[in-house]
1. Hey, residue 196 hits all of (1) crowded, with 16+ Cβ neighbours inside 10 Å; (2) at pLDDT 90 or above; (3) more than 30 Å from residue 13 (Cα to Cα) but one; which does it fall short on?
2. Just to be sure I understand the filter: pairs with C-beta atoms under 9 Å, separated by 6 or more residues or on different chains, first member in region 161-190 and within 10 Å of residue 141 (Cβ to Cβ) and among the small types (Gly, Ala, Ser), second member modelled with pLDDT of 90 or more and surrounded by fewer than 16 Cβ atoms within 10 Å (Cβ to Cβ). Which pairs pass?
3. Of the residues 233, 223, 201, 190, which single one is within 17 Å of residue 99 (Cα to Cα) and open to solvent by 50 Å² or more (accessible area, probe 1.4 Å)?
4. Which count do you get for residues in region 154-175 that are more than 25 Å from residue 264 (Cα to Cα), open to solvent by 10 Å² or more (accessible area, probe 1.4 Å) and touching a helix residue (DSSP H, G or I) at 6+ places or on another chain (Cβ under 7 Å)?
5. With respect to residue 87, determine if the residue is touching a helix residue (DSSP H, G or I) at 6+ places or on another chain (Cβ under 9 Å) and either crowded, with 19+ Cβ neighbours inside 10 Å or within 17 Å of residue 255 (Cα to Cα) (or both).
6. In region 199-216, what residues are at pLDDT below 75 and not aliphatic (A, V, I, L, M)?
7. Please go through region 238-257 and pick out each residue that is more than 10 Å from the chain's Cα centre (by Cα) and either under 14 Å from residue 53 (Cβ atoms) or buried (at least 23 other Cβ atoms within 10 Å of the Cβ) (or both).
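The values are calculated or read from the model by the stated rules, or taken from the named source; none is laboratory data. Bear in mind that the values here come from a model prediction, so they are computed numbers and not experimental data. Glycine gets a Cβ as well: all are built from the backbone with ideal geometry, and neighbour counts include every protein chain shown. Just the protein is used for accessible areas: all its heavy atoms, side chains included, with ligands, DNA and RNA removed. Shrake-Rupley method; radii C 1.70, N 1.55, O 1.52, S 1.80 Å.
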Amino acid sequence: MRAVLVPDDLWERVVPLLPPAPERRRHHPGRLHVPDRAALAGVMYVLRTGVAWRDAPAETVDCSGVTVWRRLRDWTEAGVWPRLHAALLTELRRTDLLEHCAVDGSHIRALKEGSRRPLTSRPRRPGSKHHLIVDRHGTPLAVTLTGGNRHDVIQLLPLLDAVPSIRGLRGRPRHKPRHLYADRGYDFDKYRRLLWKRGIKPLIARRGVAHGSGLGNVRWVVKRAFAWLHRFKRLRIRSERRADLHQGLLELACSLICLRRLRTAR
C-alpha cells in the first residue's frame, strides 16, 4: 500500500528535499524514527480520502495519524512543497508553458477556525478561497489561499508573484506569462495597467458586454484544474486551522498534477 500511495517516481523527487531526521539521544533515545516514506504515505492517504488525521489507519500507512500530521508540519515549515512544485515545473517546461495562462478563484467551506479571517471593507463571507494560475494545458503554476471575502482581483498580483522561476531551457528562467486570460471578475483598468507594466498582455472579459468574445476557449482550463485539485477530498473543505498546512497540501496536490502530466508527456 505504501508503494501505491507514494510511487517511486514521486519518492525520488521528494527525498532530496526532505530535512534530515533528528539525531537520537544516546541515553533514553525513545521510539524509533518513523520512515519518511511511511509518513508521506499517510499524508497522501489523508489528502486523497479527506479523513481526519487521527483516523488515518496505521495498518495502511505504517504509522499513526498524529505522526503523519507532525511530519507534514515539519516539512511545510521546511519549505518542501514549493520546492517540489518548482522542480516539477522545471522538468515540464516547454516553449509554451508560460505563453498563455489563465487565472481564477474558487470558494470552499472552512471548518473550525479556518473561516476566521481579518476584517476588511468587504462583507464577511465564511470560508476560504483558492486562487490558481495555470498554463494553456491546465498545469498549475501557483496557488494561494485567502479568506472567503477576498476579491479575486486583489489576489491577482500576489498570485503572479508566487509563480516560481522556471528553468529548463536556455536563457533566463521564466517567471511570468506573456498573455493572461481572466473572467469579468478581474475587469478593472487599474490592474490592466499594472499587468502591462509587468510586460503581461491582459485578455480579460469586459463587464456589460455580451458573451461570445472567444476568451472562454482558453480560460476553461483553469476550471478543469480546479476540478483536478478538488478530486483530493481534503481540499474540498478546509479542515486545517493553520493556513500554512492547507497551503502545503495545495502545493502538494499541484505537484501531483504536474507529475501526472510529466508521465503522460513521455
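1. (1) is the only condition that residue 196 fails.
2. Close Cβ pairs (under 9 Å, with a partner that is modelled with pLDDT of 90 or more and surrounded by fewer than 16 Cβ atoms within 10 Å (Cβ to Cβ)) do not exist here.
3. After applying the criteria, what remains is 201.
4. The number of residues fulfilling the criteria is 1.
5. When the stated conditions are applied, residue 87 passes them.
6. 208, 211, 212, 213, 214, 216
7. 238, 239, 240, 241, 242, 245
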